[in-house]
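A quick write-up on the structure given underneath.
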Amino acid sequence: MIAYNQDWLDALAIRDAAGEWHNKGLLSDEKWQAIRARHTPGFYTPNVFVRIGLAIFGLILMLAVMGLAAWISDPESDEGLALFGLFWGAVWLAALEFWAIGSARHYKSGVDDILLYTGIISIITSLCSLLPYDSGALADCLIAWPFLLAGSIRYGDRLMAAATFICSLLIVLLIVNKIPVAALYLLPFAGMAFSATAYYFARYGQRIDGWRHWNGLFATMEILALAAFYASGNYWVVQQVAHDMFDLAQPPMGWFFWSFTFVFPLFCIYRGIAGKDRVLLDTGLAGAGAAIFTFRYYFHVLPWTWAAAIAGAGLFLIAYFSIRYLQKNAGAYTYDADGRKTALQKVEEHLIEQTIAVQTPPASTPVKKESFGGGQFGGGGAGGDF
Amino acid sequence: MHENILRRLVQQELIAPEDADKIALFESEKPFSLHWELKTLLYLGVLLLNIGLGYIIYENIDSIGHTAIILLIGVLSAACFGYAVRYRQPFSRGEVESPTPYYDYILLLGCLAFLVMEGYWQYQYQIFGTRYGLATFIPMVLFFGLAYWLDNQGVLALGITALASWLGLTVAPQHILTENDFSSAALVNTGVFLGLLLIAITFASERLDFKKHFSLTYLNFGAHIGMISCLAGMISLDLPAIYFPLLCLAAVFFLWYARARESFYFLLCAVIYGYIGITYLLLDNASGLDFMDYMLYFILSCGGIIFLLINYKRFFKKTSA
């Protein structure tokens, strides 16, 4: 299903994980060498800046080729232009499939990215340009959807997956919007129901071993689905939609959306910390910011300058005390960039405990254990150097 | 994910089952890092606090409360600097690790609060009169001093910004007086000079082994200010005969630097600025060419650059060997 060499994709994932274990001292040098010798991806994947450069100049090149071709062939009618776009879209996708991936072995090189985007966008815009003027956004979305989905699956591209998700959400909302009378009431809940389904599907997809090459796509979808879920019930979004599309100053069930605006981010932050789920935590934090902006949009309790200063001071203090707390209470949470030390110490402690328990009489274990637990974790408290 | 990878590696006998157990235990007990989230909160806090305070001052400039507010900002700035000085690490010519995680942010808060306070003094009492240069000179000296003394690259970036505005402000007014011409020539030349100066500082500090890790900050400013100034000289001053060779020199220099340090970032910068310059020069001077020639130029030049970028490493290895 995926265009790239699957063994190489696996090799990349294995090297990634094993490299981290090797860095943390969990794998010996010779085992790490053996793993690297066995799993060698043959992709051409340059540095990220080279990738950006290749994408920029690749795009200019493709546009110039299309410009030259248009100048020579001179397609005059609308149909001619659409055919021209379709032809070149197909050319770029063929170049991607057979040249960039097939023979040149590009993977995330900038060349394959830009060929995919240019090809898909040419095809979709050409097809949409054939529609009559009054066909509306739903028709455009319905045309774009299969191409976006196919591009996501075939090339495992995250941006394409994000576009597919947004396109699907739009299709659902635009269809619900056509329901007479009830649309106003159904729209927020349709958005929430769709996002919730997508969220659980994305989480399910990340657990399936056979779908591992699309892991990044599901992760993208998870973030977007959570954000879309919150946006569907946020009071500001609901009120704006009710005002613009239904000419209502106040949406029905305002109390529900107000409480959702505040409760859902808090729930996400709580679940994110308790369940060690970064996506939930970060979405919750961003949602809490959005909730404050929503509140200030309707109630001007403070001048914005004072609000900004107080919020800034508050954020700074929250972060300051959290870091202090985390440094003094090492445990399941850490301020360390990747927590390698504490976790490694724990593993070592565990192993030493086990070996000691096996080799020596149990009487000596408690004594040994004392020197590993607790310990000094001074950090940046009071005291200082003078 | 890691369970499947572990299982595969054990099956291939690349990892012993005991090691796999150890790794599985590590993965399950790995503490959850809140590093990124807390750092973002710290940064947002510093930013919001300063934006809020800065605007509060200007809104209340004529009211009774503004003395109290400016006093508060002054105390805040002094407290931050006091903290930074008190908990500083001993000075070193090399890189120094921050004593506490929030140390850098407290120092940044102090610097930004100082700027707010200084701006207020100038606005309300004109303590520097019309000598705006002095108003940027003082923070520049302060920020450079702090950056080197306390080893902070964020404050260094603030210092370079102050240096750029100081140079710009000291050069431009003289031109207004003498030629009554506020054209950008003075600014463009200042930009070129500043770019050269920043590059020179980088080389001096690398040669003297003094704060070598500041190179990236200096060169980043130097590359963009210098090459944008050259492009501005070519395009808006319409003096390509002077500025195009300068741009070429800069691009060649950064290409050389990219190759010497294997820095892909400066490679990309040099290629993009150089391409813009060459393309402008060609399009500006080519009359009588038709659309097809332009398209062919873009096809051939972009193809060449793509070839260069893809084969850059091979090119590099061949010449260095």
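Somewhere in the stretch A:36-47, is a residue facing chain B (nearest Cβ under 9 Å) and aromatic (Phe, Trp, Tyr)? So far as the stretch A:36-47 goes, yes, one or more of its residues are facing chain B (nearest Cβ under 9 Å) and aromatic (Phe, Trp, Tyr). Out of A:LEU281, A:LEU285, one residue alone is within 7 Å of another protein chain (Cβ to nearest Cβ), under 30 Å from A:LEU27 (Cβ atoms) and at pLDDT 90 or above. It is A:LEU281. Looking only at the stretch B:201-220, decide whether some residue is of a type in the set (A, V, I, L, M), closer than 29 Å to A:ILE52 by Cβ and modelled with pLDDT under 90. Checked against the condition, which is being of a type in the set (A, V, I, L, M), closer than 29 Å to A:ILE52 by Cβ and modelled with pLDDT under 90, the stretch B:201-220 yields at least one hit.
When A:TYR199 is tested against the conditions (1) touching a Leu at 6+ places or on another chain (Cβ under 7 Å); (2) crowded, with 19+ Cβ neighbours inside 10 Å; (3) closer than 30 Å to B:LEU309 by Cα; (4) not basic (Lys, Arg), the lone failure is (3).
When A:PRO251 is tested against the conditions (1) surrounded by 16 or more Cβ atoms within 10 Å (Cβ to Cβ); (2) assigned to a helix (DSSP H, G or I), the lone failure is (2). Mind checking whether some residue in the stretch A:215-225 is over 26 Å from A:GLY119 (Cβ atoms), touching a helix residue (DSSP H, G or I) at 6+ places or on another chain (Cβ under 9 Å), free of Cβ contacts under 8 Å to residues at least 60 places away in the same chain and not small (Gly, Ala, Ser)? For the stretch A:215-225, residues over 26 Å from A:GLY119 (Cβ atoms), touching a helix residue (DSSP H, G or I) at 6+ places or on another chain (Cβ under 9 Å), free of Cβ contacts under 8 Å to residues at least 60 places away in the same chain and not small (Gly, Ala, Ser): present. For the stretch B:36-46, the candidate set comprises residues that are out of contact with any Phe, Trp or Tyr (no Cβ under 8 Å at 6 or more places or on another chain) and facing chain A (nearest Cβ under 7 Å); within that set, the residue that is farthest from A:LEU315 (Cα to Cα) is B:GLU37.
If you filter the stretch B:11-23 down to residues that are more than 9 Å from chain A (Cβ to nearest Cβ) and within 13 Å of A:TRP21 (Cβ to Cβ), you find that the one that is surrounded by the fewest Cβ atoms within 10 Å (Cβ to Cβ) is B:ASP21. The residues on offer are A:PHE201, A:PHE267, and the sole one that is closer than 28 Å to A:THR164 by Cβ and touching a Gly at 6+ places or on another chain (Cβ under 8 Å) is A:PHE267. Assessment of the stretch A:72-83 against the conditions (within 12 Å of chain B (Cβ to nearest Cβ), free of Cβ contacts under 8 Å to residues at least 40 places away in the same chain, more than 18 Å from B:VAL271 (Cβ to Cβ) and in a loop (DSSP other than H, G, I, E, B)) yields at least one matching residue. Here A:ALA90 does not qualify as surrounded by fewer than 16 Cβ atoms within 10 Å (Cβ to Cβ), over 17 Å from A:ILE143 (Cβ atoms) and in contact with a Gly (Cβ under 9 Å, 6 or more places away or on another chain).
In summary, A:VAL301 fulfils each of the numbered conditions (1) over 29 Å from the mean Cα position of the chain (by Cα); (2) part of a helix (DSSP H, G or I); (3) among the hydrophobic types (A, V, I, L, M, F, W, C) with the single exception of condition (2). Please indicate, with yes or no, whether at least one residue in the stretch A:139-146 is under 30 Å from A:LYS178 (Cα atoms), out of contact with any helix residue (DSSP H, G or I) (no Cβ under 6 Å at 6 or more places or on another chain) and not small (Gly, Ala, Ser). For the stretch A:139-146, residues under 30 Å from A:LYS178 (Cα atoms), out of contact with any helix residue (DSSP H, G or I) (no Cβ under 6 Å at 6 or more places or on another chain) and not small (Gly, Ala, Ser): present. Within the option set B:GLU27, B:GLU13, B:GLU3, B:GLU18, being under 30 Å from A:ALA286 (Cα atoms) and out of contact with any strand residue (DSSP E or B) (no Cβ under 6 Å at 6 or more places or on another chain) holds for one residue only, B:GLU27.
Each row is one residue, and each column tells you yes or no for (1) under 27 Å from the mean Cα position of the chain (by Cα); (2) within 11 Å of chain A (Cβ to nearest Cβ).
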site	(1), (2)
B:LEU25	no, yes
B:SER28	no, yes
B:PRO31	no, yes
B:LEU34	yes, yes
B:ILE51	yes, yes
B:SER63	no, no
B:ILE69	no, yes
B:LEU72	no, yes
B:LEU76	yes, yes
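Residue pairs whose Cβ atoms lie under 9 Å apart, sitting 6 or more positions apart in sequence or on different chains, and linking a residue in the stretch B:71-95 that is more than 25 Å from B:SER205 (Cβ to Cβ) to a partner that is not in a helix (DSSP H, G or I), are B:ARG86/A:GLY384; B:ARG86/A:ASP385; B:ARG86/A:PHE386; B:TYR87/A:GLY380; B:TYR87/A:GLY384; B:TYR87/A:ASP385; B:TYR87/B:PRO99; B:TYR87/B:THR100. Looking at B:VAL116, B:VAL85, just one residue is exposed (fewer than 14 other Cβ atoms within 10 Å of the Cβ) and within 26 Å of the chain's Cα centre (by Cα), and that residue is B:VAL85. For the stretch B:277-308, residues that are closer than 28 Å to B:ASP238 by Cβ, of a type in the set (A, V, I, L, M) and surrounded by fewer than 18 Cβ atoms within 10 Å (Cβ to Cβ) total 9. Residue-level analysis places B:LEU296 outside the set of residues that are assigned to a helix (DSSP H, G or I), in contact with a Gly (Cβ under 9 Å, 6 or more places away or on another chain) and either within 25 Å of B:SER215 (Cβ to Cβ) or at the interface with chain A (Cβ under 9 Å from one of its Cβ atoms) (or both).
Candidates are the residues of the stretch A:30-56 that are in contact with a Phe, Trp or Tyr (Cβ under 8 Å, 6 or more places away or on another chain), hydrophobic (A, V, I, L, M, F, W, C) and within 22 Å of B:PHE266 (Cβ to Cβ); the one that is surrounded by the most Cβ atoms within 10 Å (Cβ to Cβ) is A:VAL50.
The values are calculated or read from the model by the stated rules, or taken from the named source; none is laboratory data. Here the structure is a predicted model, which means the values were calculated and not measured. Using ideal geometry, Cβ is built from the backbone for each residue, glycine included, and neighbour counts are taken over all protein chains shown.
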